[in-house]
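Undergrad: One structure follows; several queries about it will come next.
The values are calculated or read from the model by the stated rules, or taken from the named source; none is laboratory data. Note that the structure is predicted; figures quoted are calculated from it, not measured. Cβ atoms come from the backbone with ideal geometry, glycine included; neighbour counts cover every protein chain shown.
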Amino acid sequence: MIITPAKLADVPRLVQFRVDAAAWLAPLGTDQWSTPFPSDHIAASVNAGEVFLVKESEEGEAVATVTLDHRIDPEIWDLWTPEERAEPALYVHKLTVDRRYGGRDLGGQILDWAGDLAARQGARWLRLDAWTSNSKLHRYYLLHGFQHVRTTTDPDEVSGWLAQRPARLTRHAFDDHAVAAVRSH
């Protein structure tokens, strides 16, 4: 499989990832991602070079996606301490795998790639926030080496479960077509 930067033409597929994930999650008892995400926000992340696709081939359909950046989402800025905010980190957002590829640990492979990228960029941490009430997702991240940092007690913050793992150089499963694009941003 390859990992490659997303293009603006991929925005409809990126929106569909979120719609499909919400439909899969609803019967599991979570409303995560049930609110549509504005496509203009996705397009802005694509233009910034922050969105990546996993495909079986260069011409193939995207089977997974992840957004990576060095910024904390403004909605959860205050959940990270000033000391944590000062540490170099790469933040994982919108990691989504097509359900046809579920059960293959493709998400874990993407996290390994992201941790490798973070280390190559000089980050100390690979960080993420997750839906506060999605304990299955929390367990998934813990099984993939993340350490729980804290969970907000603010009932209005739905994505306030914070976790991190050290950024480290690691072998990953992808033919990496993204590294050159990431270096240019």
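Undergrad: Of all residues in the stretch 116-139, how many are closer than 12 Å to Thr151 by Cα and in contact (Cβ under 8 Å) with a residue 40 or more places away in the chain?
TA: Result for the stretch 116-139: 4.
Undergrad: Could you tell me whether the stretch 159-171 includes any residue that is more than 28 Å from Ala48 (Cα to Cα), surrounded by 13 or more Cβ atoms within 10 Å (Cβ to Cβ) and touching a residue at least 40 places away in the same chain (Cβ under 8 Å)?
TA: Taking the stretch 159-171 first, the residues more than 28 Å from Ala48 (Cα to Cα) are none.
Within the stretch 159-171, none of the residues are more than 28 Å from Ala48 (Cα to Cα), surrounded by 13 or more Cβ atoms within 10 Å (Cβ to Cβ) and touching a residue at least 40 places away in the same chain (Cβ under 8 Å).
Undergrad: Identify, from the list Arg71, Arg165, Arg85, the residue that is assigned to a strand (DSSP E or B) and either over 19 Å from Ile2 (Cβ atoms) or hydroxyl-bearing (Ser, Thr, Tyr) (or both). Walk me through how you get there before you give the answer.
TA: Working: Arg71 fails: assigned to a strand (DSSP E or B); Arg85 fails: assigned to a strand (DSSP E or B).
Selected residue: Arg165, the only one of Arg71, Arg165, Arg85 that is assigned to a strand (DSSP E or B) and either over 19 Å from Ile2 (Cβ atoms) or hydroxyl-bearing (Ser, Thr, Tyr) (or both).
Undergrad: Count, please, the residues in the stretch 127-185 that happen to be among the β-branched types (Val, Ile, Thr), modelled with pLDDT under 90, out of contact with any Leu (no Cβ under 7 Å at 6 or more places or on another chain) and within 18 Å of Ala114 (Cα to Cα).
TA: Residues in the stretch 127-185 being among the β-branched types (Val, Ile, Thr), modelled with pLDDT under 90, out of contact with any Leu (no Cβ under 7 Å at 6 or more places or on another chain) and within 18 Å of Ala114 (Cα to Cα): 1 in total.
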